[in-house]
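Q: Right, I'll just put the structure down here and ask away after.
The values are calculated or read from the model by the stated rules, or taken from the named source; none is laboratory data. No experiment lies behind these values; they were computed from the predicted model shown. For neighbour counting, all protein chains shown are included, and Cβ atoms are generated from backbone atoms with ideal geometry for every residue, glycine included.
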Amino acid sequence: MSNTPVGVVGEFTDPNVITHAASKIAHAGYTKWDIHTPYPVHGLDKAMGVKRSIITYISFAGLCGGLSTALGLQYWTGAVDYPLNIGGKGFFDWQFSIPIDFELSILGTAIFTVFGLFHLCRLPTWYNKYQNDASFAKATDDTFVVTIDADDDRFSAEGAQQLLRSLGAENVHLVTAE
């Protein structure tokens, strides 16, 4: 059985205390830590120092890709590959392509957003190094759980445990690899 430390875990029960603790942990200089909550807590991401997501830019790229695909395909088929003069209209009139442009823009946005979200969230992830810890399992019920990873540059088992205890955490303990 290995005694390699995975990290330190601490439990909180009050969302206001966990928000205060998040700002203190970020101020302490830890970079590889996370908070697991049973429900979203307003202001927690700001207290943790989480940067704004780039998913909006990924979605916009999908919109541009879908729109350019729609316009390019319609132009190529109507004006280059198979030009037909139907009712005196031009070979490519953008006004008549609006429904297709809209649909492919939405499709491109949806596809890029889903795959971008999967990439940013590192999905599918089949294993979490804390998943066998009883405290970690409580995060799905009624407890706010802080995990500080052992591969953080500032990590020391005693220092991390002392920090969590000073911030009001209960059941603070070291998690080791099994």
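Q: Go through region 74-87 residue by residue and tally those that are surrounded by 12 or more Cβ atoms within 10 Å (Cβ to Cβ) and either in contact with a helix residue (DSSP H, G or I) (Cβ under 8 Å, 6 or more places away or on another chain) or of a type in the set (S, T, Y) (or both).
A: Residues meeting the conditions: 3.
Q: Among the residues of region 17-64 satisfying the criterion of being in a helix (DSSP H, G or I) and β-branched (V, I, T), which is farthest from the chain's Cα centre (by Cα)?
A: My answer is V17.
Q: Exactly one of these conditions fails for A79: (1) of a type in the set (A, V, I, L, M); (2) modelled with pLDDT under 90; (3) assigned to a loop (DSSP other than H, G, I, E, B). Give me its number.
A: (3)
Q: Starting from region 121-142, keep only residues that are touching a residue at least 60 places away in the same chain (Cβ under 8 Å), then list their pairs with residues that are β-branched (V, I, T) and surrounded by fewer than 14 Cβ atoms within 10 Å (Cβ to Cβ) whose Cβ atoms are within a distance under 9 Å, requiring at least 6 positions of separation or different chains.
A: Here the result reads D142/T13, each pair linking region 121-142 to a residue that is β-branched (V, I, T) and surrounded by fewer than 14 Cβ atoms within 10 Å (Cβ to Cβ).
Q: OK, next. Return the residue satisfying two criteria in turn: it lies in region 102-132 and is surrounded by 18 or more Cβ atoms within 10 Å (Cβ to Cβ) and more than 16 Å from the chain's Cα centre (by Cα), and of such residues it is nearest to L174 (Cα to Cα). Quick ask: steps written out before the conclusion?
A: Filtering region 102-132 down to residues surrounded by 18 or more Cβ atoms within 10 Å (Cβ to Cβ) leaves 104-105, 108-109, 112-113, 116, 130.
With the extra rule that they be more than 16 Å from the chain's Cα centre (by Cα), the set shrinks to 104-105, 108-109, 130.
Working: L104: 51, S105: 49, G108: 45, T109: 43, Y130: 11 Å.
In this case the residue turns out to be Y130.
Q: For the subset of region 146-177 comprising residues that are in contact with an Asp or Glu (Cβ under 6 Å, 6 or more places away or on another chain) and within 19 Å of N132 (Cβ to Cβ), which member is surrounded by the most Cβ atoms within 10 Å (Cβ to Cβ)?
A: T147
Q: Would a scan of region 88-96 turn up a residue that is touching a strand residue (DSSP E or B) at 6+ places or on another chain (Cβ under 7 Å) and surrounded by 14 or more Cβ atoms within 10 Å (Cβ to Cβ)?
A: No: region 88-96 contains no residue that is touching a strand residue (DSSP E or B) at 6+ places or on another chain (Cβ under 7 Å) and surrounded by 14 or more Cβ atoms within 10 Å (Cβ to Cβ).
Q: Given the criterion surrounded by 11 or more Cβ atoms within 10 Å (Cβ to Cβ), closer than 23 Å to D142 by Cβ, out of contact with any strand residue (DSSP E or B) (no Cβ under 9 Å at 6 or more places or on another chain) and hydroxyl-bearing (S, T, Y), identify the matching residue among S23, S53, S68.
A: When all the criteria are applied, what remains is S23.
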